[in-house]
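J.: A single structure is presented below for examination.
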Amino acid sequence: MPILTSEVFRFLTPADPRDVWDELTRTGEPVAYLYGLTIQTVWEPQSALTASLPGWPAITGQVLRAEPPRLLTYSLGDGPGMFPVYITWQLEPAPAGTVVRLYVDETGPAVAPGPELTWLPALEALRTRLASPRQES
């Protein structure tokens, strides 16, 4: 029976939900807050997703839900012998901008480091990017 570990992270950003969505769905270029991963997909349900980093094997997954600009769910690690991770981003408009919630559901045995050590720095980098003036990258 697979093990499931779930974590929820959240932060408030002054950015508009559409700007957050645009940042979350960038493709074809390294994304700094995701440790330089390049994501390739069309962000439509059932679309294949590939996350790559030079010098490392690509990670495959699938877009499960995409409801701009409020909900995005995808899997990572769908390959043979891998335990998939399910990522859900939920964006909620707020008077001060957007509440960003990240749900991370990991299948398989617990491994170190836990999701906090992976996702907290990524979320802080995303929050910082969204708080700065928009710039092309």
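J.: Sum up the charges of everything whose Cβ sits under 11 Å from the Cβ of residue 115, counting Lys and Arg as +1 and Asp and Glu as -1, but leave residue 115 out.
T.: Local charge sum for residue 115: -4.
J.: Let me ask you something else. Given R₀ = 22 Å, what would the calculated FRET efficiency be for residue 67 paired with residue 124, taking r from the Cβ atoms and rounding to 0.05?
T.: So the FRET efficiency works out to roughly 0.30.
J.: In the chain, if the dipole is taken from +1 on Lys/Arg beta carbons and -1 on Asp/Glu beta carbons about the Cα centre, which of 119, 76, 91 is farthest to the positive end?
T.: 91
J.: Step by step: find N for the chain, compute 2.2 N^0.38 Å, then divide the Cα radius of gyration by it. What's the final number?
T.: The reported ratio for this selection is 1.03.
J.: Another question, then. When each pair of different Cα atoms in region 13-90 is counted once in the 1/r mean, what is the Kirkwood radius in angstroms, to one decimal?
T.: Over region 13-90, the inverse of the mean reciprocal pair distance is 12.9 Å.
J.: Determine the sum of side-chain charges near residue 5: Lys and Arg each +1, Asp and Glu each -1, restricted to other residues whose C-beta is under 15 angstrom from that of residue 5. Write out the running numbers ahead of the final one.
T.: Working: positive: none; negative: 7, 105, 106, 116.
Counting the neighbours of residue 5, the net charge comes to -4.
J.: Ok, one more. Provide the per-residue ³J(HN,Hα) series for region 10-19, in order, calculated from phi with Karplus coefficients 6.51, -1.76, 1.60 and θ = phi - 60°, each as a whole number of Hz, with x at glycine and proline positions.
T.: Residue by residue, region 10-19 yields 8, 7, 10, 10, x, 5, 5, x, 5, 5 Hz.
J.: With a sphere of radius 10 Å drawn around the Cβ of residue 102, what net charge do the other residues whose Cβ falls strictly inside it have (Lys, Arg +1; Asp, Glu -1)?
T.: Details: positive: 10, 101; negative: 7.
Surrounding charge for residue 102 is +1.
J.: What length, rounded to one decimal in nm, is gained on full extension from residue 52 through to residue 26, with 0.36 nm per residue of separation minus their alpha-carbon distance?
T.: Details: separation 26, 0.36 × 26 = 9.36 nm, distance 1.34 nm.
Here the segment from residue 52 to residue 26 would lengthen by 8.0 nm.
J.: Treat region 75-128 as a sphere of radius equal to its Kirkwood radius over Cα pairs and apply Stokes-Einstein at 37 °C in a medium of 0.692 mPa s; give the translational diffusion coefficient in µm²/s, rounded to a whole number.
T.: It diffuses with D of about 255 µm²/s by this estimate.
J.: Here's something else I'd like to know. Let me check against my output: what whole-number percent is the relative contact order of region 72-112, with C-alpha pairs under 8 Å and at least 6 apart?
T.: This gives 34 percent for region 72-112.
J.: I've got another one for you. What does the accessible area per residue of the chain come to in Å², with a 1.4 Å probe and no ligands, DNA or RNA counted? Each step should come with its number before you reach the end.
T.: Numbers: 7720 Å² over 137 residues.
In whole numbers, the chain has 56 Å² accessible per residue.
J.: Find which of 37, 47, 17 sits farthest along the positive direction of the dipole of region 13-73, computed with +1 on the beta-carbon of Lys and Arg, -1 on that of Asp and Glu, about the Cα centre.
T.: Going by the charge dipole, the pick is 47.
J.: Compute the distribution of all C-alpha to C-alpha distances in region 48-105, in bins of 5 Å from 0, and list the percent of pairs in each, rounded to whole numbers.
T.: 5, 17, 22, 20, 14, 11, 6, 3, 1
J.: Restricting to Cα pairs below 8 Å that are 6+ residues apart, what does the relative contact order work out to for the chain? Please round to a whole percent. If you can, show how the numbers build up before the last one.
T.: On the way: 262 pairs, mean separation 39.7, N = 137.
Relative contact order, the chain: 29 percent.
J.: So, one more: Based on Cβ point charges of +1 for Lys and Arg and -1 for Asp and Glu, what charge dipole magnitude is obtained for the chain about its Cα centre, in debye rounded to the nearest 20?
T.: 120
J.: Residues with amide H under 5 Å of residue 94's amide H, sequence separation 5 or more or different chain, H placed in the peptide plane at 1.01 Å from N; which?
T.: 99
The values are calculated or read from the model by the stated rules, or taken from the named source; none is laboratory data. Just so it is clear, the model here is predicted, and its values are computed rather than measured. When we count neighbours, we look across all protein chains shown, and the Cβ atoms used for this are built from the backbone with ideal geometry, even at glycine. Surface areas here come from the heavy atoms of the whole protein model, side chains and all, with no ligands, DNA or RNA. Shrake-Rupley method; radii C 1.70, N 1.55, O 1.52, S 1.80 Å.
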